[in-house]
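Below you'll find the structure, written out as structure tokens, and then a few comments.
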Amino acid sequence: MSRIASVLLIAASAGAIVPQYLVLGFTHILPLGLDHILFILGLFFLSQDAFALLLQVTLFTVAHSLTLGLSLAGVVSAPTALVEVAIALSIAFIGIENMFNERLSRWRPWMVFGFGLIHGLGFAHTFQETAVEQTMLIPALFSYNIGIELGQLAVIGSAFIGVSLWWKRAWYPQMIARPASAIIATVALYWAVERSL
């Protein structure tokens, strides 16, 4: 096979792989990833400041992209059951912290980064359930990550639309953000117990 034919074959394969893994990444968040949805909502409910929210989501993204890549390269690994319990505990932590803080603490972004490393291992388990040729790994991984990010943005956008009428009200933290965070924490603690059994 000529070099041009090889390049065209790879390009055609990538053209098929990219939308497939874009959808896989997105659907891993919406509608299938309730645990990841609750984590993102936990970040949302503490942050009435767009910069604070963007900082947390960016650190989370960098972290889970890092461990996703390292896991697929075989550099890091962890048992699926342990990762799932750790993900549930990370969500519970965020929800509980939201109940006792009105603004972003100095160390919260670094906690979010650490939790992102754990969530990346969860994303890797889902990614590894699909078969992808080695030559298509980079386009598949890139489009999967983009799909995840689009899913996260969809969660944030939907949450904002849902509370936009009350977002800047003085009673918003007490009447909406904290009760929602309490529900997030309760569900996540239930998951942590269920997944550890």
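The values are calculated or read from the model by the stated rules, or taken from the named source; none is laboratory data. Values in this document were obtained by computation on a predicted structure and should not be read as measured data. Every residue, glycine as well, gets a Cβ built from its backbone with ideal geometry; the counts of neighbours run over all protein chains shown. We work out accessible area using only protein heavy atoms, side chains counted, and drop any ligands, DNA or RNA first. Shrake-Rupley method; radii C 1.70, N 1.55, O 1.52, S 1.80 Å.
Largest GNM mean-square fluctuation across Met136, Met99, Met111, computed for the chain with C-alpha springs under 10 Å, falls on Met136.
By the helix-only formula, in which each DSSP H run with n ≥ 4 contributes -39500 (n - 2.57) and the sum is divided by residues, the chain has a 222 nm mean residue ellipticity of -26500 deg cm²/dmol.
The residue among Leu66, Ser164, Val112 whose Cα reaches farthest toward the positive pole of the charge dipole of the chain, with charges on the beta-carbon of Lys, Arg, Asp and Glu, is Ser164.
Exposure check, 1.4 Å probe, all protein chains in place: Leu41 carries approximately 40 Å² of accessible surface.
Could you tell me which of rounded, prolate or oblate describes region 8-121, using a ≥ b ≥ c as the square roots of the eigenvalues of the alpha-carbon gyration tensor, with rounded for a/c under 1.5 and, failing that, prolate when a/b is larger than b/c and oblate otherwise? Prolate, because a/c is 1.5 or more and a/b exceeds b/c. Taking the three principal axes of the alpha carbon atoms in region 131-197, the coordinate ranges are 54, 37, 11 Å, sorted in descending order. Across the protein chains, with a 1.4 Å probe defining accessible surface, the residues His64, His125 rank His125, His64 from largest area downward. Across the chain, Cα pairs under 8 Å and at least six residues apart give a relative contact order of 41 percent.
Mean-square fluctuations from a GNM of the chain, with a 10 angstrom spring cutoff on Cα atoms, peak among Gly147, Gly42, Gly74 at Gly74. Dipole check for the chain: with +1 at the C-beta of Lys and Arg, -1 at the C-beta of Asp and Glu, and the Cα centre as origin, the magnitude is about 440 Debye.
Put Phe160, Phe26 in order of accessible area, highest first, and with a 1.4 Å probe you get Phe160, Phe26. Build a GNM of the chain with springs between Cα atoms under 10 Å: which of Ala92, Ala16, Ala140 gets the top mean-square fluctuation? Fluctuation is largest for Ala16.
Within the assembled protein chains, the solvent-accessible surface assigned to Leu68 is about 0 Å², based on a 1.4 Å probe.
Across Trp167, Trp107, the residue with the most accessible area heads the list, and the full order at a 1.4 Å probe is Trp107, Trp167. Just so you know, the Rg over Rh for region 89-139 is 1.21, from Cα atoms, with Rh as the Kirkwood radius.
Using only the Cα atoms of the chain, each taken as one equal point scatterer with no solvent, compute I(q) by the Debye sum, divide by I(0), and report log10 of the ratio at q = 0.11 Å⁻¹. Debye intensities relative to I(0), on a log10 scale: -0.53. FRET efficiency for the pair Met111 and Gln20, taken as 1/(1 + (r/R0)^6) with r the Cβ-Cβ distance and R0 = 35 Å, rounds to 0.55. Label separation (Tyr172 vs Thr135): 5.2 nm, computed from points 7 Å beyond Cα along the C-beta direction.
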